[in-house]
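Asker: Take a look at this one; I'll ask things after.
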Amino acid sequence: MRAVRRPRDAAGMNYIFDTGSELGRHHLDHLGNLIDAPTHWCLERRGLSPTARCLEIGAGSGRIANWLAARTGEVVAVDIDTAQLTDLAANVEVRKHDVRDGLGVDGPFDLIHARLVLMHIPEREQIFAELVNALAPGGLLVIGDFTGRRLHPISAPSAEDRALWARMQYLSHEVVGPAGGISLTWAGGTAARMTAAGLTDVHTMEYSETTAGGTDGCLLHRNLNEQAEPLLLAAGATPDELARYRELMTDPSFTAWFYQFLCTSGVRPR
Ligand SMILES: C[S@@+](CC[C@H](N)C(=O)[O-])C[C@H]1O[C@@H](n2cnc3c(N)ncnc32)[C@H](O)[C@@H]1O
């Protein structure tokens, strides 16, 4: 059965993608294929304790929750939509919960991780403060999000396709995304935010790569474009533009930069 989301007003709108759908599952698979490796690096650069209690916020398909569960003591995986949290290790506990209403589980935690979640939720500052408060002394907070750095095309079949790419990036990132509560400027401030909250050993890793049509990055763009179709049409995109853009995202002769991913961590003093 599909998850039913609680309605919010215009200031606190809902996540614009549908985690529990088939497109939602492919969305999470592409993300994992693209950024699990740099995420693992961030999570283990200070070492992981086999007895650590971990919290995974916006757990998605549970790939990171499972990875943590294999290396730590236990993981609580929280998501507003738990439809994809099915194939999990025995030491992963699933909580279906909207983190705009508190974290849904009591701390303290030795490790808290939230990837590509806070950028989607307008109440991100409040949730950030709750994550800091839920850390055990010596606990590690790891937050990863995409930035708004321009996604320059590198090669395209035609000048018209380059223009179409630019138009879709504009509509997605400067019209539909902000109207849906997405922030692409939040990630750049996470390190300063952690320092201001009293965390120490604050560190940021930047990861980015190019993507070609038919590979995970472009297939993710195509997937998000399909999930956001009603919003893009309302923003002025035409059905012909959407159709050509999706074709382009499978064409290996198209290449562009994929999102810059920032993964920032900080430690609560003992
Ligand atoms: C872009 S996905 C990222 C999933 C996963 N963290 C990853 O990186 O693969 C965002 C996730 O946050 C969840 N989410 C969105 N809004 C939420 C909320 N208010 N409370 C809890 N989870 C939320 C979505 O259901 C989805 O699983």
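Asker: Would you call Arg150 at pLDDT 95 or above and farther than 30 Å from Asp110 by Cβ?
Answerer: Taking the combined requirement at face value, the residue satisfies it.
Asker: Another one. Given Asp106, Asp110, Asp81, which one is over 30 Å from Arg222 (Cα atoms), outside any helix (DSSP H, G or I) and in contact (Cβ under 8 Å) with a residue 40 or more places away in the chain?
Answerer: Going through Asp106, Asp110, Asp81 in turn, just one is over 30 Å from Arg222 (Cα atoms), outside any helix (DSSP H, G or I) and in contact (Cβ under 8 Å) with a residue 40 or more places away in the chain: Asp110.
Asker: May I ask you to list the residues in the stretch 59-77 that are in a loop (DSSP other than H, G, I, E, B), near the ligand (Cβ under 10 Å from one of its atoms) and touching a helix residue (DSSP H, G or I) at 6+ places or on another chain (Cβ under 8 Å)?
Answerer: Hits for the stretch 59-77 are Ala59, Gly60, Ser61.
Asker: A further question on this structure: Considering each residue of the stretch 155-183, count those that are open to solvent by less than 40 Å² (accessible area, probe 1.4 Å), part of a helix (DSSP H, G or I) and under 25 Å from Cys42 (Cβ atoms), and give that number.
Answerer: Result for the stretch 155-183: 1.
Asker: Which of the residues belonging to the stretch 103-131 are farther than 27 Å from Gly47 by Cβ and either within 10 Å of the ligand (Cβ to nearest atom) or in contact with a helix residue (DSSP H, G or I) (Cβ under 6 Å, 6 or more places away or on another chain) (or both)?
Answerer: Gly104, Met119, His120, Ile121, Pro122, Glu123, Arg124
Asker: Still on this structure: Restricting attention to the stretch 78-103, report how many residues are in contact with a Gly (Cβ under 6 Å, 6 or more places away or on another chain) and among the hydrophobic types (A, V, I, L, M, F, W, C).
Answerer: Summing the residues that are in contact with a Gly (Cβ under 6 Å, 6 or more places away or on another chain) and among the hydrophobic types (A, V, I, L, M, F, W, C) in the stretch 78-103 gives 4.
Asker: Within the stretch 37-51, identify whether any single residue is within 20 Å of the chain's Cα centre (by Cα), under 25 Å from Gly181 (Cβ atoms) and near the ligand (Cβ under 9 Å from one of its atoms), and answer yes or no.
Answerer: yes
Asker: Among the candidates Leu31, Leu23, single out the residue that is outside any loop (DSSP other than H, G, I, E, B), touching an Asp or Glu at 6+ places or on another chain (Cβ under 9 Å) and within 9 Å of the ligand (Cβ to nearest atom).
Answerer: Numbers: Leu23 fails: within 9 Å of the ligand (Cβ to nearest atom).
The unique qualifying residue is Leu31.
Asker: Right, next: So which of His152, His120 is open to solvent by 40 Å² or more (accessible area, probe 1.4 Å) and touching a residue at least 24 places away in the same chain (Cβ under 8 Å)?
Answerer: On the way: His120 fails: open to solvent by 40 Å² or more (accessible area, probe 1.4 Å).
The conditions single out His152.
The values are calculated or read from the model by the stated rules, or taken from the named source; none is laboratory data. Worth saying up front: this structure is predicted, and the values here are computed from it rather than measured. Here Cβ is always computed from backbone atoms with ideal geometry, including for glycine, and neighbour counts include all displayed protein chains. For the accessible areas, the whole protein counts, side chains as well, though only heavy atoms, and no ligand, DNA or RNA atoms are used. Shrake-Rupley method; radii C 1.70, N 1.55, O 1.52, S 1.80 Å.
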